[in-house]
Structures are given as C-alpha cells and as structure tokens.
Amino acid sequence: MTGSDGTALSSDLPWSAAEVAGSERFAALRAQRTHPATLWFGPTFGVMEQTGAGWLMSTMTDTTPQAARDGLGWWFRILARRRAIPASEREMYWAASALLEHERLDELVVAGRRFRVVRADRFFRYGLTGPEPPRSTDPDTDRTARHGIFEKMTAGVLGPGETPGGAGLLGERWEAVPRGAMVPADITRDAQQALTSHPRLAVLAPRFAVAEEKDGHWPAQTGAIPSPHDARRALATYFREIVPVLLEPSDEELVAYRQAAQRLDEDRVHQVRVAGRRFRIIRVETAVRIGPDGPEPPRPSDHDPDPPLTGETDELRTWDLIDEDG
C-alpha cells in the first residue's frame, strides 16, 4: 500500500509486539489505513526562542506572521514589567516592543535571548468517511488553563526534525507545494524552495478543530484547539450562545441544540448531528520545517495583510511592575 505521494506506508511492515492497541505508534499506523490521504490545512505561525535545550515553542496557532509578531511584542511587554528582571534588561524589552510596533521583524536578539517568528504547515488525514477524528491515544482533558496567562513559550521544545518519508515519520512526508492555475506563482516558488532550505520536519503534538459537513466537504469552523475536550466545549458554546442569536432557530431546533450541547458536556463524542447539520471534531497535524539554522520563518508569499499593533508600548510603560505570576 502506498501513501498519497506514492511511497510505501510503514503499515505494510509487520507490527512488532510493541505496536499493540493503545500505543501511539499503533494508532498512527492504523490511521494510515483508515485515513490514507493527507490534506493541507494551510499555514500557521508562532514564536520560538533558541535556548541551550533547543527551540522553546509558543502554541503555533497564530493565523498570520503579524499576529505572531504582535504576540512577541506582548511577551516583551510582560518581561519589561516583571519586577524580578534587572532594570537594564527591562529597558531592552521595552525597546524591542517599540521596534515591533513599526517594523515587520521575524527575528530579534533581546537581552541576549534569540527569538524567531516561525511558520508551520497544518494537515489533516482524510478517508472514505471524511476527516480523521481524535484517536483513542490523544489526551482528552481540559488544557486551556495549563499555564499562566502571562506565559508565552508553553509548548515545549522543538524536536530535532526527521527526514520526510523516513521511518521516523512512518513514511509520511507532511509537505505541500500548492500548484495550479489558481495558485500565485510566488506561493509555489517559496514552497518548493523550502524543501531544500529547510529539509527536515518536526511534527508537533496534535491539535483539533470543529468541522461541519457541507455538500460532501468538511470545512473547519474553528482554529486549532489544544484537545478534543476543548474542541467539544467550543462546539457546545456555539450551540448554546451563538446559534440562538445568529440563526434564530425554531423552538424545536433550539431544544435540539441545547440537548446536543449537553451531550458534548457529558460524553466524549467526536461527532454530533443536530437540526439537519453534521459536526465532527477533527485531528490536525502541525509540521515545522527545519534547516541548518533552525525552524523556518515566514515566507515572502505568506498572507500577511495587517499592520503592526501600535501604541501598546507607551501605554504599558505607565503601568506598575508585576510579579512573576502576573
């Protein structure tokens, strides 16, 4: 059996005793059979910091490079207000924050620390029944409050990267080069160049999204969410708070939406049908390309329409210092 790119799947190899039900590797091999196609879900962005242990990651969920830069500026302002940081270093963070309000910089060294805006590609697996739902091995808990609200690099250390198509990625390539008459030439060019400039791949922890079936397709209705639990909560909130206001459902439909929300609260379900609509929690893979100098920054062709957020540095300079936890 071959994957979408024609390479042999690791699931064609005999499974060892370690590859048993309940193991992440077994679940990944099974997903290659049940959902053999990998579809590009678009790019996402975040911030990383190079340390002695490797590149510390933010959550990699920003929709544009500028959103990631604005997030980095926010982090600098938090650091600039921390009482425990020496005054000279606080001034460096204030200066970096001000710089990001006027320049689109994707890499900065501040107070001896190296920060980079990083790009990643997102994918989801697809089979005869549609996009892949969460796996039984995926953590399914509330992960929205695992870290303090005044933290940034909360997603661990970026791995060293694997060779696309190699055993470390179970034969998967996790790469996309958009082509065709409707694709701008610079997008295709940049994607092709990235295959050689950043040849290795690190696949991050999975994230999740809510999708709704429409005319045989499954467009995502949310961004990437940390866990299936959090995705179910987002969908339940939509049923309870958004549907009554925007859709003005009938009394019968309103009851159905409320019952569906209650079921999402109580059961670990990954698909619901309500009022003639079909929703599914889907699994999203995120892959960071890595080159000799670390993770890939944004590409020139990436959609980046917004100007930098301004005015925050001058405003927050007037605020009091804070302790480490807020």
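The values are calculated or read from the model by the stated rules, or taken from the named source; none is laboratory data. Model, not experiment: these values are computed from the prediction. Positions of Cβ are backbone-derived with ideal geometry, glycine not excepted, and every protein chain shown enters the neighbour counts. Calculation scope for accessible area: heavy atoms of the full protein, side chains included, ligands and nucleic acids excluded. Shrake-Rupley method; radii C 1.70, N 1.55, O 1.52, S 1.80 Å.
Estimated purely from DSSP H runs of n ≥ 4, each contributing -39500 (n - 2.57), the mean residue ellipticity at 222 nm for the chain is -8500 deg cm²/dmol once divided by its residues.
Counted residue by residue at 0.36 nm each, then reduced by the alpha carbon distance between them, the extension gain from R30 to D314 reaches 96.9 nm. Under 5 Å between amide hydrogens, built in the peptide plane, is the criterion, and for V118 it picks out G46, V47, M48 among residues at least 5 positions away or on other chains. Between G311, G166, G156, the Gaussian network model of the chain with springs among Cα atoms under 10 angstrom shows the greatest mean-square fluctuation at G311. Extending 7 Å from Cα along the Cβ direction at R277 and again at T237 yields two label points whose distance is 1.6 nm.
Amide H to amide H distances under 5 Å link R82 with I322, where only residues 5 or more positions off or on other chains count and H is placed in the peptide plane. Share of carbon and sulfur in the accessible area of the range 192-246 stands at 55%, probe radius 1.4 Å. Computed from phi, the 3J(HN,Hα) profile of the range 42-50 under the Karplus parametrisation 6.51, -1.76, 1.60 (θ = phi - 60°) reads x, x, 9, 9, x, 10, 10, 10, 7 Hz, with x in place of Gly and Pro.
Across E248, E132, E213, mean-square fluctuation computed from a Gaussian network of the chain (C-alpha pairs under 10 Å connected) peaks at E248. Would any residue of the range 275-290 have its amide N under 15 Å from a label point 7 Å out along Cα→Cβ of E213? List them or say none. Residues 275-282 fall inside that zone.
Within the listed set G46, G294, G168, the residue fluctuating most in the Gaussian network model of the chain (springs between alpha-carbon atoms under 10 angstrom) is G168.
In this structure, the amide hydrogen of A37, modeled 1.01 Å from its nitrogen in the peptide plane, lies closer than 5 angstrom to those of Y126, counting only residues at least 5 positions away or on a different chain. Label separation (F150 vs Q221): 3.7 nm, computed from points 7 Å beyond Cα along the C-beta direction. A simple count of charges around H102, restricted to other residues whose Cβ falls under 13 Å of its Cβ and scoring Lys, Arg +1 and Asp, Glu -1, yields -3.
The HN-Hα couplings worked out from phi for the range 120-132 by the Karplus form 6.51 cos²θ - 1.76 cosθ + 1.60 (θ = phi - 60°) are 9, 9, 10, 9, 9, 7, 9, x, 5, 9, x, x, 5 Hz, whole numbers, x standing for Gly and Pro. Net charge in the neighbourhood of V183 (other residues with Cβ under 13 Å of its Cβ; Lys, Arg +1, Asp, Glu -1) is 0.
Given +1 at the Cβ of Lys and Arg, -1 at the Cβ of Asp and Glu and no other charges, the dipole of the chain around its Cα centre is 720 debye to the nearest 20.
Eigenvalues of the alpha-carbon gyration tensor of the chain, scaled by 5 and square-rooted, set the equivalent ellipsoid semi-axes at 35, 28, 20 angstrom, largest first. Over all other residues within a Cβ to Cβ distance under 13 Å of S197, the charged ones net out to +1, with Lys and Arg as +1 and Asp and Glu as -1.
Centroid-to-centroid, using Cα positions, the range 123-196 and the range 206-253 are 22 Å apart.
M92 exposes around 90 Å² of accessible area when a 1.4 Å probe is run over every protein chain in place. Remark: the chain carries 50 Å² of accessible area per residue (probe radius 1.4 Å; ligands, DNA and RNA excluded).
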